[in-house]
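Working notes, structure below.
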Amino acid sequence: MVNRDILDYTAVELSEKIKKGEFRVTDAVEAVFGQIAGTEEELHCYVTLEKDRALARAAGVQEQIDAGALTGPLAGVPFAVKDNLCTRGMRTTCSSKMLENFVPAYSAEAVLKLEEAGAVIIGKTNMDEFAMGSTTETSYFGVTRNPRNTAHVPGGSSGGSAAAVAARECFAALGSDTGGSIRQPASYCGVVGMKPTYGTVSRYGLVAYGSSLDQIGPLTKDVRDCAVILETIASHDEKDSTSMRRTDTDFSSALKEDVKGLRIGIPKDYLGRGLDPEVKSAVLAAAEVFREKGAVVEEFDLSLAEYAIPAYYTIAAAEASSNLERFDGIKYGYRAPETDELHLLYKRTRSQGFGPEVKRRIMLGSFVLSSGYYDAYYLKALRVKALIKKAFDQAFAKYDVILGPVAPTTAPKLGESLSDPLKMYLGDIYTISVNLAGLPGISIPCGEDAGGLPVGLQLIGDCFREKTLIQAAYTYEQEVK
Amino acid sequence: MANVIDDATIDYVGILAKLELSGEEREQAKKDMAGMLDYIDKLGELDTTGVEPMSHVFPVQNVFREDVVTNGDARDEILANAPAEKDGMFVAPQTFEG
C-alpha cells in the first residue's frame, strides 16, 4: 500500500496518528504550511496566517499529548478559524477595513473550546465583509478562489474556511452561518458543513451580524470530523444568554449506518423554478440512495419558501444596523483622519470603513426599524418568521429529515454576482429559512456538475435533532464513498 | 407598488445609520433600497392577522446571572486597539467647550 500523505487524513484520523506517535504535531503544522506555500497565493483562503505562533503552540500541545494530558479526538489538529471569531492576540478583521488592525483581548468561546481540546489555530480565513455576502467577494482583502476551479467563487460568507478545507490548507475549520454561510460554501467547495440548532454553540466572541440567526459551526472533510468538532464546541455559556443547556451533545454517538424507516420529506418548492437541472438530478439521486437504504422518501408542500428571503433580509438588516452601531472610530478599529467634530467623525469613519454591501444592509436595516416603517416592515417580517416556523413544525410532525439542495446552482464564476444584489440574495433560498426557524442543517457533497464543480445535499432537522442529521449524512457518505 | 426613495428619506436614513454618502453612492443607495423594498413588499401578500411577531424561536426570556466581574484587567490590551489613547483613556474629539 502506498503511504498516504499526511494531508490526506481527516482531523480525527490525524489526531489518532499523532497520539500513536506516528506523526508529531509540528509535522502536521509544517505539512499544512507546505501546502499553503504552494496554493495560497492563488486561492487566498486566509486573511492572517501565524506560522511561528502555530509551531510554538504545536510544541506545547505535543508536550501535553506526550504527558497524557491531552487525549481527545482533536488533539494536535491544525485548524483555520473564520475571521469574525475573536482570537486573543491574533488579528480579527471580519474582512473589513474597519477592523484591519484589530487584535482582540479575548477569544471566542468556540475557539477556546477547540484549544482546550488541543487544536492548533494556524490562521484566520477570508470571508464576506462582516459575513454579508454569498461569494466572499465583498472582502476588503480581495476574493478567495474556489479550489475546485479557480475561475469560480468558493461561496460565502465562510468562503475562506470552506476553500481552506477543500484545498487541504488546514484539516478543519470553523465558520458562522446567518443565512447559509457555512452550508453554501461547503456545498460549492465539496466539503461538509453544519449549522447547529440556534443556541447550541456560544456566540460569545463572534462578531455579531444578525444575532437571532447567527450560529457557529464546523467545515470539515467528512461527517465524522463534523460530529466530533460540533460536540467539542457545543456548550452552555453564561456569556451568551441565548445559549441553551443541552445534555445531548455527544454527536459522535450518532455516527451509525442506519436510515431504515427514516422519514424523509423533499419540499416540492425546493425543486421548482430556478433550480439548475444538474443540481436537481444530483439531489434526487442522493434521495434515491436513502430510499435504497430503507428510508421512506416522499415529496411534500412546505410552502412559504419564497417569503423566507424578504423576511430574512428585513430581519438580518435590522439586526445588522443595530449590531454595527458599535463601529464608531472611538475605542477600536478604523478612525477617519483629520476630523474634529464627533458626529462627523462617526459618519466619516463608518462611510470610509465599511464597504458597499455592509452600508446597503445597514441603511436598509435603519429604514425598516425607523418609526413609521417599523410595523410595516420589521414586525411584518417577524410575523412571517412565525409562520415559517409553524410550517416547519408541521413538516417535522410528518418527517424526521427534510432533504433538498443547498443552493440553486453550483459555484458561480467570479465577478458574476455582485452587480445584482437581489439576484445574489435569491441564491440563499434553500438555506435561509433554516436560520429563521433556528433549525440544524448539514451540507454534504453529493456529486458534481458537468464542469466538475461540487453539488451539495442539504439535510434539515427539527430543533435539537443534529444526531438524526449526522446519522443520515454518515450513512449516505459511507454508502457513496 | 414600486417604492421611490426621495432625497429626504435617504438623508434621514443617513442620519440614523450614521453614514455620509457621496453623490454617486447616494443615487445608487436610493435605487438599491427602493429595489429591496419592492421585493420585501412581497410579505404583504401573506395574511398575518393575529400572528404574534416572533423575535426568538425558543421561549427564552430574561436570562439572569449574578453581576460578578469574572474577566481580568485587560486595559492595556484593550487600549492597544484604540485609534487614539492618552493616559489610559480613549481620545475622542472635543464635544463641549471647556
Let me spell out the model: positive unit charges on the Cβ of Lys and Arg, negative unit charges on the Cβ of Asp and Glu, origin at the Cα centre of the protein assembly as shown. What dipole size does that give, in debye rounded to 20? 620
For chain A, place one equal point scatterer on every Cα, skip the solvent, and apply the Debye formula. What is log10 of I(q)/I(0) at q = 0.13 Å⁻¹? -1.18
Cα centroid distance between the stretch B:1-40 and the stretch B:68-96, in Å? 35
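Tally up the carbon and sulfur contribution to the accessible surface of the stretch A:6-254 as a whole percent, 1.4 Å probe, everything protein left in place.
Numbers: 3010 of 6890 Å².
In the stretch A:6-254, the share of accessible area belonging to carbon and sulfur is 44 percent.
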What are the residues whose amide H is under 5 Å from the amide H of A:GLU448, where those residues sit 5 or more places off or on another chain and H is modelled from the backbone? A:VAL455
Explain nothing, just the number: relative contact order of the stretch A:192-245, from Cα pairs under 8 Å at least 6 residues apart, as a whole percent. 45
Distance between Cα centroids, the stretch A:62-127 to the stretch A:397-426: provide it in whole Å. 29
Rounded to the nearest 100 Å², what is the sum over both chains of accessible area buried where A meets B, with a probe of 1.4 Å? 5100
Per DSSP helix of 4 or more residues, -39500 (n - 2.57); summed, then divided by the residues of chain A. What does that give at 222 nm, rounded to the nearest 500? -12000 deg cm²/dmol
Chain A, relative contact order in percent, only Cα pairs under 8 angstrom and at least six apart counted: 17
Total lysine pairs whose alpha carbons fall under 20 Å of each other in chain B (8 or more apart, or interchain): 4
Calculate the FRET efficiency for A:GLN64 and A:LEU426 from the Cβ-Cβ distance with a Förster distance of 56 Å, rounded to the nearest 0.05. 0.70
Inter-probe distance in nm under a simple model that places probes 7 Å from Cα toward Cβ, at A:LYS260 and B:ASN62: 5.0
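Would you work out the relative contact order for the stretch B:1-47, in percent, from Cα pairs under 8 angstrom that are 6 or more residues apart? Please report the intermediate quantities before stating the final value.
Values: 20 pairs, mean separation 26.0, N = 47.
The normalised contact order for the stretch B:1-47 reaches 55 percent.
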If the label point sits 7 Å along Cα→Cβ of A:ALA37, residues of the stretch A:118-135 with amide N under 18 Å come out as A:122-123
In square nanometres, what is one fourth of the surface area of the convex hull spanned by the alpha carbons of the stretch A:4-117? 7.5
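Largest first, how would A:HIS236, B:HIS56 line up by accessible area (1.4 Å probe)? Please report the intermediate quantities before stating the final value.
Working: A:HIS236 75, B:HIS56 50 Å².
The ordering from most to least exposed comes out as A:HIS236, B:HIS56.
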Starting from 0.36 nm per residue, how many nanometres of slack lie between A:GLN352 and A:TYR373 once their C-alpha separation is accounted for? 4.8 nm
Treat each spin label as a single point 7 Å out from the Cα along the C-beta direction, and report the A:GLU299 to A:THR409 distance in nm. 2.3
Antiparallel bridge percentage (DSSP; both residues within the protein assembly as shown; nearest 5): 65
Rounded to the nearest 0.05, FRET efficiency between A:ALA450 and A:GLU479 (Cβ-Cβ, R0 30 Å) equals 0.80
Paramagnetic reach from A:LYS51 in the stretch A:150-192 [backbone N under 20 Å; point 7 Å along Cα→Cβ]: A:164-165, A:167-172
With a ≥ b ≥ c taken as the square roots of the eigenvalues of the C-alpha gyration tensor of the stretch A:238-293, please select rounded if a/c is under 1.5 and otherwise prolate if a/b is larger than b/c or oblate if it is not? oblate
In nanometres, what is the gap between the two model label sites at A:SER281 and A:ARG246, each 7 Å from Cα along Cα-to-Cβ? 3.7
Please state the shape class of the stretch A:260-387: rounded when a/c is under 1.5, otherwise prolate if a/b exceeds b/c and oblate if not, all from the C-alpha gyration tensor. prolate
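The values are calculated or read from the model by the stated rules, or taken from the named source; none is laboratory data. Just so we're clear, the structure is a prediction, and the values are computed from it rather than from any experiment. Reconstructed Cβ throughout: ideal geometry from the backbone, glycine too, with neighbour counts over all protein chains shown. SASA here: full protein model, heavy atoms, side chains in, ligands and nucleic acids out. Shrake-Rupley method; radii C 1.70, N 1.55, O 1.52, S 1.80 Å.
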